[in-house]
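Read the structure below first, then the notes.
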Amino acid sequence: MGKADIDTLIEKKVKLHQIDQHTASQQEATELRRALIERLTGKSLSHLGLRSFDDDPVVKKNVENLIGAVSIPVGITAPLMMRGQFAQGEFYVPLATTEKSLVASTSRGCRALTLSGGVKAKVLKDRMTRAPLFVVQSLEQAIGVAEWIENHHEVLQQKIDECSSHTRLESARSWIIGLNLFVRFEFSTGDAMGMNMTTKAADVMGRYLVEQFPGLRFVTVSSNICVDKKPSALNFIEGRGKTVVAECLLPASIVREVLKTTIEGMAEVNYRKNLIGSAQAGSYGFNAHFANLVAATFIATGQDPAQVVSGSMGFTLLEKVGDSLHASVTMPSLEVATVGGGTRLPSQQDALRLLGVEGAGEPSGSNACKLAEIIAGVVLAGELSLIAAQVEHSLAKAHSIT
């Protein structure tokens, strides 16, 4: 951008979000905005200017005040054999990470699982939640509203249909605390993660309820009982998004030859570290490092990175069964999508395409469930390899950078 262009913006005190109005294209606005920030801060931002997407749809759907993109390395795991309800066959899983050894370690786990026959996985529950908050005039009114909601799902669904044809109300649960009425609605949202869809649905229902009950006040569409982007016992127990379980029975020979350790050692470290240690810490993560693999797959496939906080919750269990190691992960709140949000970005679409889950599935929701099973499988791989490294005291060496 020319010096005169930037001088004009500064002279006219044009706000960052108004720069689009002074350019012929969105790409020009992006370049001018970044050049302005470079002038104002005296910092070079040349690397931020490198990007693989078209600015127009990104500004419309994903971000404001665009100045560029951040590039994150993407590694690929060894093939992972999945035997899930939706995910079947071998998958090369893309991991976006800057952590040395994560891809290599996870690949070792993938090899152990694949040689053991693959990972069985299943989505046990698929529900996105939104929980509006109402203020009532009395206990009687709170009970009345809660009971009306419970008995009129069809009426509420008709209101939802006015704003979305893909959002289905599945259930509702209410809590009465003083004059506060919290209602946690559960929805099915197909292959979308569903936060925007459920927010619109909850808003429509909230406004309708106020019309039906004089004196009822609609305070907010999100009361924190959803629970969105925060660790919580409620999501840990009830689930949010996909509740998925993955398991594999590993022969002692695979544990010894691939993971370089013993069944007994794996089971002991998992028990003492992931169960007792996590309980002492008051953690909802009874696992070694769910968050590592959840974050890496989320970034690679265009998921909402803020939802890693929920995806990090869950159990890793390792038990000796006969002469084999039964390994499993239970993930109660894995919030993923294959349509909408960051899944529209070109690089992320490549990653989804690699996994065979790009776009909407047939039937609706099948691609998102398939992705959830694959993530659970690669999380199990990561758990096995890290725990094995800790059993053999090789973790520090694996992270040494030469």
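The values are calculated or read from the model by the stated rules, or taken from the named source; none is laboratory data. Quick caveat, the model's predicted, so the values are computed rather than measured. Here the Cβ positions follow ideal geometry from the backbone for every residue, glycine too, while neighbour counts run over all protein chains shown.
To keep it simple, each residue is scored yes or no on (1) aliphatic (A, V, I, L, M); (2) within 30 Å of GLN88 (Cβ to Cβ).
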residue	(1), (2)
LEU216	yes, no
VAL227	yes, no
ALA233	yes, no
LEU249	yes, yes
ARG256	no, yes
GLU264	no, no
ASN270	no, yes
SER283	no, no
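Pairs, please: C-beta under 7 Å, at least 6 apart or cross-chain, first residue among the small types (Gly, Ala, Ser) and in the range 118-145, second part of a helix (DSSP H, G or I)?
Hits for this filter: ALA121/GLU373; ALA121/ALA376; ALA121/GLY377.
What's the total number of residues in the range 334-373 that are in a helix (DSSP H, G or I) and not polar (S, T, N, Q)?
16
Quick check on the range 83-102: of everything there that is touching a helix residue (DSSP H, G or I) at 6+ places or on another chain (Cβ under 6 Å) and of a type in the set (Gly, Ala, Ser), which residue is surrounded by the most Cβ atoms within 10 Å (Cβ to Cβ)?
If we take residues in the range 83-102 being touching a helix residue (DSSP H, G or I) at 6+ places or on another chain (Cβ under 6 Å) and of a type in the set (Gly, Ala, Ser), then ALA87 is surrounded by the most Cβ atoms within 10 Å (Cβ to Cβ).
Go through SER25, SER52 for me and flag whichever is in contact with a Pro (Cβ under 8 Å, 6 or more places away or on another chain) and either in the same structural domain as PRO363 (by TED's automatic domain parsing) or among the small types (Gly, Ala, Ser) (or both).
The match here is SER52.
Pairs please, first residue from the range 244-263 and without any contact (Cβ under 8 Å) to a residue 40 or more places away in the chain, second anywhere and not aliphatic (A, V, I, L, M), Cβ atoms under 8 Å, 6+ apart in sequence or on different chains.
Final answer for the pair search is ARG256/THR262.
If you scan the range 351-402, which residues turn out to be under 16 Å from the mean Cα position of the chain (by Cα) and either polar (S, T, N, Q) or not assigned by TED's automatic domain parsing to the domain that holds PHE315 (or both)?
Within the range 351-402, just ASN367 meets the criteria.
Give the number of residues within the range 19-57 that are under 30 Å from ALA351 (Cα atoms) and exposed (fewer than 11 other Cβ atoms within 10 Å of the Cβ).
The qualifying residues number 4.
Looking at PRO231, PRO214, which is the one that is part of a loop (DSSP other than H, G, I, E, B) and at pLDDT 95 or above?
PRO214
Counting only residues that are small (Gly, Ala, Ser), closer than 20 Å to ASP228 by Cα and surrounded by 15 or more Cβ atoms within 10 Å (Cβ to Cβ), how many does the range 149-201 have?
Matching residues across the range 149-201 total 7.
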